[in-house]
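J.: The structure follows.
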Amino acid sequence: MILTLYIGKEVYKSTTIVLLFLIGLFIFFSFVEDINDLNDELTLIKIININLLKIPNYLYEILPIALLIGGTISIAKLSRNNEIVILKTSGISNLKLLKILWAITVPIILISIVLSEYIIPIAEIKNKELKLYIRTTNKDSLLSDYWFKETIDENKSRIINIKNIKNNTCICNIYIYEFSKDLDLLNLIIAEKGRFINNYLALDKVTIIKKTSDNNHKKYFSKDFLDCLKITTSLNYKTITYSTLNPDNMSMEMLMNYMNTTKNTQIDTRKQKAAFYRRVSSPITLFIMISIAIHLVIVQSRENKLNNKIFISITLGTIFFLINQLLLNVSLKNIPIYIWVTIPNIFCLTVLTTVLILNKK
């Protein structure tokens, strides 16, 4: 317990310093980029607020690299002071040291879970709302352009275009295009306002343009006007809101809700699935980073100096992290998403642990 607290203190201190340094760099460059867009609507206070809302996401994204660098520096310090040698001569095995470092990583994992499941989604929504409010001259509405495709039945489908959102109950300027199985346009429904009620979209001040034909089979368009119209839809306000968010900034609950509500639509949810499994594999990534940090430092080698080991450890960890991030953005056909998102993490952690256990030096 005392040994865990002692090593943990060094790891947490080094990791915190690296985190603050990297976050400071990210915020500085982001602020410099945003300051160029300074105008009457985008004031300095709003720019500061936007960048402050980015901090939780930066913290979550940088945490694995910060743990890698901070952990490597901490363990290298212990090795330089011959404390690793003392621990080994006192009977502490490599596996025991690895377990201690994994125990130290658990609080960091809990912090990352709080960030990803609670703080980041809230900050992302606030950031998105702030940016949308800045872009529109009407401060009561969020000006945007939302497109959704869903199946009506086996012979019909529709595309819904929503121009802006007033609040979580009212949407405005709605265009609904209904197509046949052969993708012929059947109807165009235009409504000034609408609201979601359970599984329905209630439209007000509706114009319906229908494709019809006369007795001579001559096709033409007719126009009808209705005060209100109710259509069945799988969409709701949450679906629209979630569609504007970066999947990597959504919580697992939000991702599950989005994928469930769009299950019967033709909306592509591969990015959401990849983000979901990334959340699942995130703790494994942190374990891998601290395992890489200890691996090349405590494994004895006469050829390499300690500084070289530190450089190699950080480089390998960074390369793994970049490859892991790349896999999250690559769609491999005929391979389930959970395989190419989680298997590399599990494989790497298994290899590192096995090599460390087998090394008796």
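J.: List the residue pairs whose Cβ atoms are under 7 Å apart, where the first residue sits in the range 1-25 and is assigned by TED's automatic domain parsing to the domain that holds Ile100 and in contact (Cβ under 8 Å) with a residue 12 or more places away in the chain, the second is surrounded by 13 or more Cβ atoms within 10 Å (Cβ to Cβ) and of a type in the set (Lys, Arg), and the two are 6 or more positions apart or on different chains.
T.: Sorted first by the residue in the range 1-25, then by its partner, the pairs are Glu10/Lys77.
J.: Still on this structure, please answer the following. In the range 6-42, how many residues are surrounded by 12 or more Cβ atoms within 10 Å (Cβ to Cβ), among the hydrophobic types (A, V, I, L, M, F, W, C) and modelled with pLDDT under 90?
T.: Matching residues across the range 6-42 total 5.
J.: Among the numbered criteria (1) assigned to a helix (DSSP H, G or I); (2) hydrophobic (A, V, I, L, M, F, W, C); (3) in contact (Cβ under 8 Å) with a residue 40 or more places away in the chain, which one does Ile47 miss?
T.: Result: Ile47 passes all but (3).
Residue by residue, here is whether (1) assigned to a strand (DSSP E or B); (2) modelled with pLDDT of 85 or more; (3) over 27 Å from Lys13 (Cα atoms) holds:
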{"residue": "Leu87", "(1), (2), (3)": "no, no, no"}
{"residue": "Gly91", "(1), (2), (3)": "no, no, no"}
{"residue": "Leu101", "(1), (2), (3)": "no, yes, no"}
{"residue": "Pro107", "(1), (2), (3)": "no, yes, no"}
{"residue": "Ile120", "(1), (2), (3)": "no, yes, no"}
{"residue": "Lys128", "(1), (2), (3)": "no, no, yes"}
{"residue": "Lys139", "(1), (2), (3)": "no, no, yes"}
{"residue": "Ile159", "(1), (2), (3)": "yes, yes, yes"}
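J.: Checking the structure you have, find out if any residue of the range 49-59 is within 21 Å of His295 (Cβ to Cβ), at pLDDT 90 or above and assigned by TED's automatic domain parsing to the domain that holds Gly8.
T.: No, there is no match, as no residue in the range 49-59 is within 21 Å of His295 (Cβ to Cβ), at pLDDT 90 or above and assigned by TED's automatic domain parsing to the domain that holds Gly8.
J.: Now for a different question. Inspect the range 234-247 for any residue being at pLDDT 85 or above and crowded, with 18+ Cβ neighbours inside 10 Å and give the result as yes or no.
T.: no
The values are calculated or read from the model by the stated rules, or taken from the named source; none is laboratory data. Treat the numbers as computed from the prediction; the structure is a model and nothing was measured. So basically every Cβ, Gly included, is an ideal-geometry build from the backbone, and we count neighbours across all protein chains shown.
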